[in-house]
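See below for the structure under consideration.
Any read-out appearing in this document is the output of simple, stated calculations on the displayed coordinates, not a laboratory observation. A quick note: this is a predicted structure, and the numbers were derived from the prediction, not measured. Here the Cβ positions follow ideal geometry from the backbone for every residue, glycine too, while neighbour counts run over all protein chains shown.
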Amino acid sequence: MAIIDIEQTIIEEFSHFEDWLDRYNYLIEMGKDLPKIDERFRTDQYLIAGCQSRVWLQADFADGKIIFTADSDAVITKGIVTLLIRVLSNQRPDDVLHANLGFVDTIGLREHLSPTRSNGLNSMIKQMKLFALAFKTKEQSSK
Amino acid sequence: MALDPLKIRIDFPILDQMIYKRSLVYFDNAATTQKPRQVINAIDKYYLLQNSNIHRGVHYLSQMATQAYEDARVHIQHFINARLSQEIIYTRGTTESINLVASSFGKKFISKGDTILVSNLEHHSNIVPWQFVCEEKGAVLKVIPINDEGEILLDAYTEMLDEKVKIVAVTHVSNALGTIVPVKEMIRLAHLKNIPVLIDGAQSVAHFQVDVQDLDADFFCFSGHKMYGPMGIGVLYGKEHWLEDLPPYQGGGEMIKDVTFEKTTYNDLPFKFEAGTPNVCDALGLDAALTYMQNLGLSEIYGYEEELLHFATARLLEIEGLKIIGTSPQKAGVISFLPDGIHPYDLGTILDKLGFALRTGNHCAQPLMHRLGIQGTLRASFAFYNTKEEINRLAEGIITAKRMFD
Ligand SMILES: Cc1ncc(COP(=O)(O)O)c(C=O)c1O
């Protein structure tokens with residue numbers, strides 16, 4: 001599915017929740033289901049700076065697409081990471097680079113997370129785009 | 001007379017609001033307290049009727065504003081029982097007060113190889129300014145150790161007081177744990193060696209009566225916004241002879257006597273340390289805040305808040321797996337805790353959605369968190385407008401949140 005379509009699906013999922021607590025319950029459930037990152041990648045090298053909870057992010061590149069895996073020590077953060085992975089994993093570097101990720105605002109995550117955690121969200125997105133840029137450069141230079 | 005928080009709350013309209021469809025519980029008073037109407041009215045009145053630049057004009061408004069500003073200084077003097085009004089220097093807050101002393105004291109009295117002592121409890125504001133001095137002068141910052149309860153080790157401290165120590169800077173009350181530090185005894189011990197002491201009073205002045213002469217503090221710093229006053233105004237108290245001795249901090253208008261391009265002579269205390277147009281409005285706001293606290297009574301405030309703290313400690317300890325961080329029997333206003341098996345940010349996020357204003361994180365005291373071997377805590381900090389009912393709600397909120405993560 002294209003990034004924009006996945007974003008739309010998520011927006012619809014979140015539109016069912018009237019109370020903030022329900023949204024967070026959903027994030028928590030998603031967070032619990034996030035596949036564990038390989039223990040090798042739970043190191044400082046893969047740690048994202050700027051998050052109040054710790055987040056590790058790792059990326060692989062296969063058949064022209066990026067596969068992200070991630071983990072966090074906080075469950076809500078894991079839920080947010082899960083959303084980002086749903087949207088950006090299995091996509092081409094160029095599509096990741098150009099994704100504007102408007103759904104983050106639409107489902108209210110940016111404005112309703114504390115500023116520090118919101119900075120963390122920005123750092124996550126930035127790091128994912130950096131991976132995309134690196135893979136794109138690699139792809140071009142190998143052509 | 002006992003305080004009536006419900007009556008007090010009428011003076012704090014901000015407390016009466018809904019957050020995410022739940023009524024707000026404001027437990028972040030150590031970060032900043034709310035302001036009563038009386039303070040807001042004083043600020044309003046200043047810009048509606050009194051605004052004028054001070055110490056300059058001969059005109060009526062300027063004289064009235066100057067008078068009000070200087071009256072507020074005298075009020076602050078009496079509030080902390082300083083000997084003289086010129087020992088009260090207006091600043092922007094605790095941080096600026098400490099920077100002022102670190103910079104001016106450092107310039108004159110610190111040289112290569114000297115030692116500055118701070119404690120392991122300190123807020124970054126009472127660490128970083130001293131690091132600047134150490135870097136500039138080649139001095140060494142040493143840390144007075146604490147125990148696992150969050151109390152300063154007085155024996156270790158006494159041993160650290162050698163001839164190389166030029167100043168001790170220590171907090172009165174820990175913002176992260178609430179520990180009340182025995183600063184009077186620490187000052188006495190330092191003075192035996194003729195070492196001056198700066199007290200960071202940011203977290204003490206709002207909770208109990210402070211008497212700088214009784215403490216015998218050389219410098220005492222605090223912020224208006226943590227004691228029901230406005231943001232942007234704070235105080236540096238310094239003993240007159242120290243303030244006379246220290247070089248000025250910033251240069252500009254107000255702090256000078258005569259200026260030629262060859263040489264400037266400085267003004268008398270307190271103006272020597274108050275360069276530029278001061279924050280008159282917020283000084284008057286702070287004045288109103290002090291009046292408000294005095295009308296309630298400082299010992300009544302202390303008594304009621306201590307009751308809240310004991311109640312909260314007992315209530316939170318009933319929650320399975322919850323651990324209180326900072327267990328000194330001497331505490332004021334603050335309870336720091338960690339849930340078992342949930343990341344503090346997870347709990348903090350859900351409590352926010354339940355309407356609680358709490359603080360999560362390292363509370364600008366990273367070295368303290370390192371010492372305790374934790375990343376951070378959740379902190380509830382109290383003021384006299386908080387109630388036991390709100391504490392009950394917090395306990396229930398924590399249990400609700402915990403269930404979400406099971
Ligand atoms: C113990 C302590 N010192 C210093 C400060 C800094 O105060 P301000 O930001 O008002 O300058 C604080 C405020 O959080 C504090 O709690």
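The residues of the stretch B:361-384 that are away from chain A (no Cβ under 12 Å) and at positive phi, listed by number, are B:H363, B:C364, B:G373.
Does B:V181 qualify as being crowded, with 18+ Cβ neighbours inside 10 Å and under 21 Å from B:L368 (Cβ atoms)?
It is true that B:V181 is crowded, with 18+ Cβ neighbours inside 10 Å and under 21 Å from B:L368 (Cβ atoms).
The condition of being closer than 30 Å to B:A139 by Cα, under 18 Å from the mean Cα position of the chain (by Cα), of a type in the set (A, V, I, L, M, F, W, C) and crowded, with 21+ Cβ neighbours inside 10 Å holds for only one of B:I88, B:I110, B:I76, B:I80, that being B:I88. Residues of the stretch B:116-154 that are more than 16 Å from the ligand (Cβ to nearest atom) and either at positive phi or within 14 Å of chain A (Cβ to nearest Cβ) (or both): B:G138 alone.
I need the full set of residues from the stretch B:93-115 which are within 16 Å of the ligand (Cβ to nearest atom) and assigned to a helix (DSSP H, G or I), in order please. Reasoning before the result, please.
Going residue by residue through the stretch B:93-115, those that are within 16 Å of the ligand (Cβ to nearest atom) are B:93-103.
Answer for the stretch B:93-115, where residues must be within 16 Å of the ligand (Cβ to nearest atom) and assigned to a helix (DSSP H, G or I): B:T94, B:T95, B:E96, B:S97, B:I98, B:N99, B:L100, B:V101, B:A102, B:S103.
Just one of the numbered conditions (1) in contact with a Pro (Cβ under 8 Å, 6 or more places away or on another chain); (2) within 14 Å of chain A (Cβ to nearest Cβ) is not true of B:T387: (2).
Applying the criterion of at least 2 residues that are more than 15 Å from the chain's Cα centre (by Cα), over 23 Å from B:I374 (Cα atoms) and more than 14 Å from every other protein chain (Cβ to nearest Cβ) to the helices (runs of 4 or more DSSP H) found wholly in the stretch A:1-103 leaves A:3-15. Considering only residues in the stretch A:20-33 that are touching a residue at least 40 places away in the same chain (Cβ under 8 Å) and buried (at least 18 other Cβ atoms within 10 Å of the Cβ), the one that is nearest to B:M18 (Cα to Cα) turns out to be A:W20. Here B:I89, B:I76 are screened, and the one residue that is touching a helix residue (DSSP H, G or I) at 6+ places or on another chain (Cβ under 6 Å) and within 16 Å of the ligand (Cβ to nearest atom) is B:I89.
Within the stretch B:53-64, count every residue that is part of a helix (DSSP H, G or I) and over 20 Å from B:N267 (Cα atoms). Count: 3.
Could you check, for the stretch B:317-331, whether at least one of its residues is of a type outside the set (S, T, Y), within 14 Å of chain A (Cβ to nearest Cβ) and crowded, with 21+ Cβ neighbours inside 10 Å?
Among the residues of the stretch B:317-331, not one is of a type outside the set (S, T, Y), within 14 Å of chain A (Cβ to nearest Cβ) and crowded, with 21+ Cβ neighbours inside 10 Å, which makes the answer no.
Residues in the stretch B:153-177 that are within 19 Å of B:N362 (Cα to Cα) and assigned to a strand (DSSP E or B): B:V170, B:T171, B:V173.
Every residue, every condition in (1) over 28 Å from the mean Cα position of the chain (by Cα); (2) under 29 Å from B:R83 (Cβ atoms); (3) of a type in the set (S, T, Y), yes or no:
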| residue | (1), (2), (3) |
| --- | --- |
| B:L3 | no, no, no |
| B:K21 | yes, no, no |
| B:Y26 | no, no, yes |
| B:G57 | yes, no, no |
| B:L61 | yes, no, no |
| B:T66 | no, yes, yes |
| B:E70 | no, yes, no |
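Has the stretch B:338-360 got any residue that is more than 16 Å from the ligand (Cβ to nearest atom), basic (K, R), in contact with a strand residue (DSSP E or B) (Cβ under 9 Å, 6 or more places away or on another chain) and at negative phi? Yes, the conditions are met somewhere in the stretch B:338-360.
Evaluate the stretch B:9-18: report whether one residue or more is within 14 Å of chain A (Cβ to nearest Cβ), within 16 Å of the ligand (Cβ to nearest atom) and not in a helix (DSSP H, G or I). Scanning the stretch B:9-18, I find no residue that is within 14 Å of chain A (Cβ to nearest Cβ), within 16 Å of the ligand (Cβ to nearest atom) and not in a helix (DSSP H, G or I), so the answer is no.
Every condition in (1) away from chain A (no Cβ under 14 Å); (2) of a type outside the set (D, E, K, R); (3) within 16 Å of the ligand (Cβ to nearest atom) holds for B:A31 except the one numbered (1).
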